[in-house]
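Have a look at the structure below before the remarks.
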Amino acid sequence: MQTLKENHVYQTELIIKKSRFITIAKKVSSKEELNDFLDRYSQKEARHNCYAYKIGIDPQTGGYSDDGEPKNTAGMPLFKLIENKDLTNVVVLVIRYFGGIKLGAGGLIRAYTKAGTMVLDEASFHQIEEMWEIKISFDINDIKSVDLFCLKHDLEVIDKEFLEQVSYTLLTDDKDISFDNLNIEVISRKKKYL
């Protein structure tokens, strides 16, 4: 599974039979980000603002809108492009300014597919990796052995907290990593996708 590169907005434009199709794609990781994107980029003066999105990994949510185009002629083709490219955490919006010539159902499907394909062909992607965020707690006297263990096992320390006990938040791709040889307590182990 893959997603778009972080914080980049991709945009393409195409004219088909005098209708102008502006396509915008961006990474979104939540419904709130999706709604913010649609509020920001949808153009009220356009005839149609059709989109498709997919968010999450396990579970995944997705959907699409034809925004007044005939059923399944705009949003569905965009959604199929997202699925065929095995994308998640993405939204593709196609803004159509009507040029006065009706395209028919087949023409609309081809137009929206072409518009979505153009923007996704311009985009840069990266593979989503399954990672594990592990929080551990230990005595300050064990810090050298814990640091050495982290270095030896390629564990990224993403947060450190020094209170009565020392807490590290670690990131690893090894879900089965064992801390048996260390005097530590595993506080939490969460799956993350990066």
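Miscellaneous remarks
- You can think of it this way: the chain between residue 5 and residue 140 has 44.7 nm of extra reach, that is 0.36 nm per residue less the Cα-Cα gap.
- In sequence order, calculated HN-Hα J values of the range 89-100 (Karplus, 6.51, -1.76, 1.60; Hz; x Gly/Pro): 6, 9, 10, 10, 10, 10, 9, 10, 9, 5, x, x
- Its relative contact order, with pairs defined as Cα atoms under 8 Å and 6+ residues apart, puts the chain at 23 percent.
- Dipole-positive endmost among 108, 24, 172 within the chain (Cβ charges, Cα centre): 108
- Structure-derived semi-axes √(5λ) of the Cα gyration tensor in Å: which label, when the choices are (i) 44, 19, 14; (ii) 48, 14, 13; (iii) 28, 22, 17: (ii)
Any read-out appearing in this document is the output of simple, stated calculations on the displayed coordinates, not a laboratory observation. Worth saying up front: this structure is predicted, and the values here are computed from it rather than measured. Cβ sites come from the backbone with ideal geometry, for glycine too, and all protein chains shown count toward neighbours.
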